[in-house]
């Protein structure tokens with residue numbers, strides 16, 4: 001019997017080092033369309049884009065083994081949203097790219 005794969009595990013070694021990973025809940029087509037509409041709205045500004053991104057990250061990171069500069073494990077954003085404020089720009093960009101998929105994944 002088929003079983004829907006609604007999460008994906010992705011290596012995050014590029015931003016968090018060897019052995020790091022994230023598990024994301026995949027975006028639905030409806031969610032993707034909604035985010036694109038909000039981002040392209042005439043009323044959208046850089047704050048709107050930031051809130052969409054951070055809220056989406058919070059809602060879709062199911063698991064990770066990320067750590068801070070001190071090597072201490074971070075809670076997943078759904079347990080402590082303040083962790084999102086400590087992300088580097090590279091980490092945030094990585095998460096957004098992982099959520100929306102690579103160009104190659106979108107072609108398939």
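Out of the residues in the stretch 57-81 that are at pLDDT 95 or above and not in a loop (DSSP other than H, G, I, E, B), state the one that is surrounded by the fewest Cβ atoms within 10 Å (Cβ to Cβ). Going through the qualifying residues, I end up with 73.
Look through 84, 99 and report the one residue that is touching a residue at least 60 places away in the same chain (Cβ under 8 Å) and either surrounded by 11 or more Cβ atoms within 10 Å (Cβ to Cβ) or not in a strand (DSSP E or B) (or both).
99
The set of residues from the stretch 8-53 being loosely packed, with under 15 Cβ neighbours inside 10 Å, part of a loop (DSSP other than H, G, I, E, B) and modelled with pLDDT of 95 or more comprises 17, 18, 19.
The values are calculated or read from the model by the stated rules, or taken from the named source; none is laboratory data. Quick caveat: nothing in here was measured; it's all calculated off a predicted structure. As a convention, Cβ positions derive from the backbone with ideal geometry for all residues, glycine included, and neighbour counts pool all protein chains shown.
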